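To start, the structure itself, in structure tokens.
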Amino acid sequence: MSTATADRPSTSFTCSDPFPGTWTRVFSIRQEFSLTLAVPGAAPLVIADALEDLWPADMVTGAPLVPQIHPVVQARINGADLFATSSGVGTAPLLTWQLQVPDVPSYYRITVFRVVPEEGRLEEKISYLTGITSQKVSPGILEAGKSYVFRIQCVRAGGYDPNRPFLPSWPLSTAPVYSGVITP
């Protein structure tokens, strides 16, 4: 492999497969992104994540690979735009969203993060798995005076079994979106 450019010398390397033969080889496509959120009274918060599709190598046939799932659209919190910075949503708001047609997800993973402004990071409070396009935040999760960010991750998992939701299945595709900074 060569990495030569006008301002960087050429480099090459060789590597071998370091994993045991019994492990499943996985082919991955990632589309990474970052977003910057304004946090009241603190430095901006930078979030990095990715849309990802994973296939076992034996499922990759040479045909064009296309994303198996897309981020949700029309995300709302109590009917207002979830992507906007907002306050006064209460401590048990309702999140709703819509699919991009023709997506058929296996489930959604909704994660509530508390903003830790003094450290410039997010702290995970809770994750929900749901098969429907809405989720009410349980009482006691959000605290008045704190700020939060919500992630709605659309997940498509081949062979997914809702009775065994944490058992890996292939292929696996994830597509997250993040809210603006939300204050109850």
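Readers should treat all values here as calculations from the given coordinates under stated rules, not as data from a laboratory. If you're wondering where the values come from, they're calculated on a predicted model, not measured in any experiment. Here the Cβ positions follow ideal geometry from the backbone for every residue, glycine too, while neighbour counts run over all protein chains shown.
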- [ ] Just rank TRP23, TRP170, fewest to most, by other beta-carbon atoms within 10 angstrom.
- [x] TRP23, TRP170
Open item on the list: Please give me, ordered by residue number, the GluC sites (Glu not before Pro) of the stretch 31-133 that lie in loop per DSSP and have at most 13 other Cβ atoms within 10 Å.
Closed with: GLU118, GLU119
- [ ] Order by neighbour count: ILE47, ILE110, ILE69, fewest other Cβ atoms within 10 Å first, most last.
- [x] ILE47, ILE110, ILE69
TODO: Return, for the Cα atoms of the stretch 58-101, the radius of gyration and Dmax in Å, separated by a comma.
DONE: 16.9, 51
Task: Cα convex hull of the stretch 10-68 - mean projected area over all directions, nm² - done: 8.2 nm²
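Considering Cα pairs under 8 angstrom that are at least six residues apart, work out the relative contact order of the chain and quote it in whole percent.
23 percent
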Task: Built amide H within the under 5 Å cut-off of VAL89, gap 5+ - done: THR183
TODO: Sort largest first and round to whole Å: the equivalent ellipsoid semi-axes of the stretch 26-183, each the square root of five times a Cα gyration tensor eigenvalue.
DONE: 30, 17, 14
